[in-house]
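Report on the following structure.
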Amino acid sequence: MARMDCPPARSNPIISSMKAPEVLIVEDEKLLRLMMAKLLQISGYRVFICRDSLQALELVEKKSFDLVITDLMMAGATGMDVLRATQKCYPRAKVIITTGTPSSETLLEAKREGAYAYLRKPFQLKHFLSILKDAIEHTKLLQGYQYEEGDGRGAREAERGM
């Protein structure tokens with residue numbers, strides 16, 4: 001596996017409402033990869049795609065993402081490798097694992113490693129978008145508290161909806 005050098009942290013950890021959340025899709029099935037990308041672009045996300053996990057591992061070393069959606073079983077490295085690399089470089093980023101061959105073992109491993117969700121293919125698009133939206137909102141909330149925690153304003157501003 002490639003050496004894992006993480007890029008410097010973002011200067012502003014809050015996902016701005018002015019900035020579209022950045023999503024990386026790692027999927028070896030071309031049709032599914034393109035369909036997810038188009039759906040997310042239409043939904044207002046900034047989308048990056050990789051056709052394999054090795055390509056994704058290289059990209060994760062160079063760029064931060066708000067959300068990573070990765071297939072579990074791919075040639076070269078697995079979705080679990082992508083999950084671990086993302087968690088190492090960007091602990092606050094959410095990772096969603098998708099698989100056509102679900103098992104309780106891989107589900108438990110994914111959860112232990114920090115996956116936000118584990119989806120069985122084929123999945124319903126409405127359910128898929130709902131999980132993505134929840135993941136992004138969860139990230140915004142956590143990053144907002146983390147960012148403002150140091151000056152003592154986090155809880156007060158969150159209560160006012162700022």
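Bear in mind that the values in this text are calculations on the coordinates, not laboratory data. Because the structure is a prediction, the values reported are computed rather than measured. FYI the Cβ positions are ideal-geometry reconstructions off the backbone, even for glycines, and counts take in every protein chain you see.
Amide H to amide H, with H built 1.01 Å from N, residue 68 comes under 5 Å of 24, 94, 95, 96, counting only residues 5 or more places away or on other chains. Backbone phi angles across segment 82-93, fed through the Karplus curve with coefficients 6.51, -1.76 and 1.60 (θ = phi - 60°), yield HN-Hα couplings of 5, 4, 4, 5, 5, 5, 5, 7, 9, x, 8, 5 Hz in residue order; Gly and Pro are listed as x. The stretch between residue 51 and residue 73 holds 6.7 nm of extra length on full extension. This uses 0.36 nm per residue minus the Cα-Cα distance. Straight-line cross-link partners of residue 38 among the lysines, defined as a Cα under 22 Å from its Cα and at least 8 positions apart when in the same chain: 19, 30, 63, 94, 121, 126, 133. Using the Cβ of residue 131 as centre and a radius below 13 Å, the other residues enclosed give a net charge of +2, where K and R count +1 and D and E count -1. The Cα trace of segment 22-124 gives Rg and Dmax of 12.3, 34 Å, the first to one decimal, the second as a whole number. Where both bridge residues fall in segment 23-139, DSSP classifies roughly 0% of the beta bridges as antiparallel. Rounded to the nearest whole Hz, the Karplus-based 3J(HN,Hα) values (6.51 cos²θ - 1.76 cosθ + 1.60, θ = phi - 60°) of segment 114-122 follow the sequence x, 4, 6, 8, 9, 10, 8, 8, x, with x at glycine and proline.
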